[in-house]
Structure formats: C-alpha cells, structure tokens
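First comes the structure, then the notes that go with it.
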Amino acid sequence: MSTLDNPNVAPVNASPQQTILRYGVIGGLVLVVYSLLNFVLGLSKPSAGTFVGLLNFAVILAIYIFMMIYAVRDHRDNNQGGFITFGKAFMVAFFTSVLAAIINTIFVFLYMNIIDPGYMAEILSASEDYYESMGMPENQIEVSLQWAEWMMGPTGQGILFGVGTVFGAIVALIVASTMKKNPPEFE
C-alpha cells in the first residue's frame, strides 16, 4: 500500500513552485512595505539609534520566519497530503525567502536610485553628523562614509543579498527541521 492508493492523500511529489511563488511574492511585498515605512519614517538612518536598528532586524527576521513557516505548512498540508520531508521543507522555505529577498532588493535599489535619488546623500550626511556627535576622529569618519557609500552601491547590495541568502538558509534549516513531517512507513 502506498500514499497513492489512498484517495484522500495528495501525491508526495507535488511541485512546490506555486507555493514558493505565492509566499515569496507575499513576503517580498510585506518586506517592501516595511522598507518603505522605514525610508519614509527615517528609521533606516543612523540617527534612529541602535535600538531601532535591532528592532528592525527583529521585525525583518519575524517576517522571514512567518513567511517560511506559512509556505512550508501550506505546501505540506495542501500539496503533500499532510507530510513533508526535511529536504522538501528546506527547499520551500529557502526559495521562498530568496524570492522575497530579490523583490525587496529590487525595491530598495529602485528607491535609492530612482524614487529618491537623494536618499544616499541624505544618509551619508546624517551618518557624518552622527559620527561627529560621537566624537569620532575625522579620518575615521571619512573611512566610515566611504565604506557606507560602497555598501549602498550595487556591489555592496549584492554582497548584502549574498549574506542575506546564507542567513535565509540558516533560518530555512531551522524551519524545515521543525516543520518536517515524514510519511508513515508502509509495508
């Protein structure tokens, strides 16, 4: 007897493509809205402080975790007959997070280069003021501003995307290990 002999259980080989697309786009749009709020409210500026930066990180992490959990749960319960292996759960969670990150990265790039092209200059100016208020020496301020400008450019954003992808893989491993539900063994 196999899973296919039971008409109430979906095939275990169902493609996760639609689930990844759905939840990746939803997650990406949620991240875009959150990023836009940060830009408009000035919460992404250095002057917002360390607490706000940590709070932003926590909110973004929560968005990713919930997005991955809902994607894996939806695919497991609606496409896999209530079962999902660790590998498939990881794949759904990881590629959902990658799609969401791509959407948000494109938005951030468009925002900083087309929607508000003065944003980078504003951030650099705010950073300089912040560093001066902390009493940082002028040569360190100059190096920090050069580094910040490089990180906001295409190469820096690409590196941040790569780091985010690795971080997404780690979170996907955790989500997959908690969401997996192997099918019962059949004789």
Restricted to region 60-69, and to residues that are among the β-branched types (Val, Ile, Thr) and modelled with pLDDT of 95 or more, which residue is nearest to residue 86 (Cα to Cα)? 69
Residues that are of a type in the set (Val, Ile, Thr) and open to solvent by less than 80 Å² (accessible area, probe 1.4 Å), drawn from region 130-154: 141
Sole exception among (1) of a type in the set (A, V, I, L, M, F, W, C); (2) farther than 26 Å from residue 15 by Cα; (3) in contact (Cβ under 8 Å) with a residue 24 or more places away in the chain for residue 106, by number: (3)
With the structure loaded, tell me whether residue 91 is open to solvent by 40 Å² or more (accessible area, probe 1.4 Å) and touching a Pro at 6+ places or on another chain (Cβ under 7 Å) or whether it fails that test. yes
For region 74-86, what are the residues that are surrounded by fewer than 18 Cβ atoms within 10 Å (Cβ to Cβ), in contact (Cβ under 8 Å) with a residue 60 or more places away in the chain and part of a helix (DSSP H, G or I)? 78, 86
Go through 103, 123 for me and flag whichever is over 30 Å from residue 178 (Cβ atoms) and of a type in the set (Val, Ile, Thr). 123
Return only the number of the condition from (1) more than 24 Å from residue 174 (Cβ to Cβ); (2) crowded, with 17+ Cβ neighbours inside 10 Å; (3) out of contact with any Pro (no Cβ under 8 Å at 6 or more places or on another chain) that residue 127 does not satisfy. (3)
Filtering region 94-114 for residues that are within 13 Å of residue 25 (Cα to Cα) and surrounded by 14 or more Cβ atoms within 10 Å (Cβ to Cβ) leaves a count of 12
Report yes if residue 114 is modelled with pLDDT of 85 or more, hydrophobic (A, V, I, L, M, F, W, C), in a helix (DSSP H, G or I) and closer than 30 Å to residue 14 by Cα, otherwise no. no
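Which one is most open to solvent (accessible area, probe 1.4 Å) among residues in region 43-73 that are hydroxyl-bearing (Ser, Thr, Tyr) and under 24 Å from residue 132 (Cα atoms)?
Step one: list which residues in region 43-73 are hydroxyl-bearing (Ser, Thr, Tyr), which gives 44, 47, 50, 64, 70.
Filter once more, so that each one left must be under 24 Å from residue 132 (Cα atoms): 44, 47, 50.
Numbers: 44: 51, 47: 81, 50: 96 Å².
Ranking the candidates gives 50 first.
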Go through (1) modelled with pLDDT under 85; (2) open to solvent by less than 40 Å² (accessible area, probe 1.4 Å) and name the single condition residue 186 misses. (2)
Pairs, please: C-beta under 7 Å, at least 6 apart or cross-chain, first residue within 17 Å of residue 69 (Cα to Cα) and in region 152-181, second of a type in the set (Lys, Arg)? 179/73; 179/76; 181/76
Given the criteria in contact with a helix residue (DSSP H, G or I) (Cβ under 8 Å, 6 or more places away or on another chain), open to solvent by 40 Å² or more (accessible area, probe 1.4 Å), aliphatic (A, V, I, L, M) and outside any loop (DSSP other than H, G, I, E, B), does residue 173 qualify? yes
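The values are calculated or read from the model by the stated rules, or taken from the named source; none is laboratory data. All values derive from a computational prediction rather than experimental measurement. Here Cβ is always computed from backbone atoms with ideal geometry, including for glycine, and neighbour counts include all displayed protein chains. Side chains are part of the model used for accessible areas, which takes the heavy atoms of the whole protein and leaves out ligands, DNA and RNA. Shrake-Rupley method; radii C 1.70, N 1.55, O 1.52, S 1.80 Å.
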